[in-house]
Amino acid sequence: MPYIRLFNPENDIMLQWPAERTISSVHTLSPNVEALRRAGAMLPVWWSSPGDAVIVHDDDSLHSRIWLDEMSALFPFLSHVSIVSATDTGKPGAPWGWSGDAARRLSRAGAECPSIAQLERMRMLSHRCMSLMVMEYLKQNSTIPLPLLPTEATTVEEAQLAAASSPNGFYIKSPWSSSGRGVVRFDTLSEKAIQRIRGMIRRQGSVMVEQALDGIQDFAMLYHIADGKAQWKGYSLFFNSHSSYSGNLLCDDATIEHRLVCAGADRKTLIAIRHCIANALSEIIGRDYTGWLGVDMLLDRDGMIAPCIEVNLRMTMGVVAHFLAERILAPDTEAVYSVEPHSPREKNNSPTIVDGRLIAGELMLTPPGGAFDFKISVTERNR
């Protein structure tokens, strides 16, 4: 089924307000977020299907069409994707993530969107307490070793009690936030920590308190939900800089799993987690959501896996990396997918593409001229 696709990386910001509010009015974004959204507008072409159309800024339409034609000559599957036009009216919308704001923008382009009630239900399922619900499911339905479960606190006193159970430090997390801005670590329950807790509760009604773990590797498991059932689709091995996303390893799932095992993870536990999480998502979310999602996890220094740090009920950069590895990376090749502020390209690092597969160099994934670079850099090839 063809879709109208929208890259709206500000989705997590928009979720802090009820869907009814964001569907009826335009919210001003920071210049940095606006620049990211505009620079990455064409990113959805890489996971699109034949007949799909992508929304871009009106001023970028011609520039984007020229770039898409050039890329289609290198990657033929892109020739079946287009820039959204009036003839696309009636196709279902497929944003990066659902919010009232996403529905407003997609509806304006002629796309079919969920009702306000459905949007609000998805907003509530995007609350960070979802990690607690999944962990509670695993505790009741599996024998997987688990860390201390997070706590949702609606008062400062509840948060203080939860923090006291984590003598080696703790995180406080606002229910909805973007790019790590609502996640803060404290070593002790200081007055500053109490002030942050009080502010989060005042603005969003509660705060998540989570034990700090001695993590050595961030990763995620990727799922797709359709017809009420969640299916495991692969791994995401990512890296952050100052709590913000900076990149993903591109390779096959077997290689990622091998790296996790070499770092101390138990393979049988990884397999058990992927199945149990799928069951939890089917039961908790399956009736109300269709689409991609990622479950962030953490491997600690003792080999224990924290199986649900966060549920991202939307497309993720890990899903993007999954599609890129599957669709355009040459076999037996490793690369890094990254999102960075724009910098001049090195002329000696141009991409080498053979039969629609990237085998060497660096490939830019969006039209030139944006404030951010979305790119793949090949790091290794086993011939």
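The values are calculated or read from the model by the stated rules, or taken from the named source; none is laboratory data. Predicted, not measured: the structure shown is a model, and the values here were computed from it. Don't worry about glycine lacking a Cβ; one is built from the backbone with ideal geometry, like all the others, and counts go over all protein chains shown. These accessible areas exclude ligands, DNA and RNA; they are computed on the full protein's heavy atoms, side chains included. Shrake-Rupley method; radii C 1.70, N 1.55, O 1.52, S 1.80 Å.
If the condition is being among the charged types (D, E, K, R) and buried (at least 16 other Cβ atoms within 10 Å of the Cβ), then the stretch 342-372 contributes only Glu362. Of everything in the stretch 176-200 that's closer than 21 Å to Met124 by Cα and either in contact with an Asp or Glu (Cβ under 8 Å, 6 or more places away or on another chain) or of a type in the set (A, V, I, L, M, F, W, C) (or both), which residue is surrounded by the most Cβ atoms within 10 Å (Cβ to Cβ)? The residue in question is Ile197. Taking each residue of the stretch 270-295 that is crowded, with 18+ Cβ neighbours inside 10 Å and looking for partners that are part of a helix (DSSP H, G or I) and among the charged types (D, E, K, R) with beta-carbon atoms closer than 7 Å, six or more apart or interchain, yields Leu270/Glu257. Residues in the stretch 22-49 that are within 24 Å of Phe77 (Cα to Cα), open to solvent by 30 Å² or more (accessible area, probe 1.4 Å) and touching a residue at least 60 places away in the same chain (Cβ under 8 Å): Arg38 alone. Any residue that is in a loop (DSSP other than H, G, I, E, B), modelled with pLDDT of 95 or more and not aromatic (Phe, Trp, Tyr) - is there at least one of those in the stretch 57-71? Among the residues of the stretch 57-71, not one is in a loop (DSSP other than H, G, I, E, B), modelled with pLDDT of 95 or more and not aromatic (Phe, Trp, Tyr), which makes the answer no. Counting the residues of the stretch 50-64 that are exposed (fewer than 15 other Cβ atoms within 10 Å of the Cβ) and in contact with a Leu (Cβ under 8 Å, 6 or more places away or on another chain) gives 0. In this entry, Phe238 is excluded by the filter for residues that are crowded, with 18+ Cβ neighbours inside 10 Å, of a type in the set (Phe, Trp, Tyr), touching a Gly at 6+ places or on another chain (Cβ under 8 Å) and farther than 26 Å from Asp373 by Cα.
Of the set (1) more than 24 Å from Ser244 (Cα to Cα); (2) of a type in the set (Lys, Arg); (3) touching a residue at least 24 places away in the same chain (Cβ under 8 Å), all apply to Arg196 but (1). Number of residues in the stretch 1-56 that are assigned to a loop (DSSP other than H, G, I, E, B) and not small (Gly, Ala, Ser) equals 21.
Picking from residues in the stretch 112-122 that are open to solvent by 40 Å² or more (accessible area, probe 1.4 Å) and not charged (D, E, K, R), the one that is nearest to Ala330 (Cα to Cα) is Cys113. Going through the stretch 65-111 one residue at a time, which ones are open to solvent by less than 30 Å² (accessible area, probe 1.4 Å), under 24 Å from the mean Cα position of the chain (by Cα) and hydroxyl-bearing (Ser, Thr, Tyr)? Selection gives Ser99 alone. Cys308 meets the conditions (1) more than 24 Å from Cys129 (Cβ to Cβ); (2) open to solvent by less than 60 Å² (accessible area, probe 1.4 Å) in every case but one. The failed one is (1). Among the residues of this structure, Asp332 does not count as one that is at pLDDT 95 or above, among the acidic types (Asp, Glu) and surrounded by fewer than 19 Cβ atoms within 10 Å (Cβ to Cβ).
Suppose we keep only residues that are within 15 Å of Ile309 (Cβ to Cβ) and without any contact (Cβ under 8 Å) to a residue 60 or more places away in the chain within the stretch 123-149. Which one would you say is most open to solvent (accessible area, probe 1.4 Å)? That would be Glu136.
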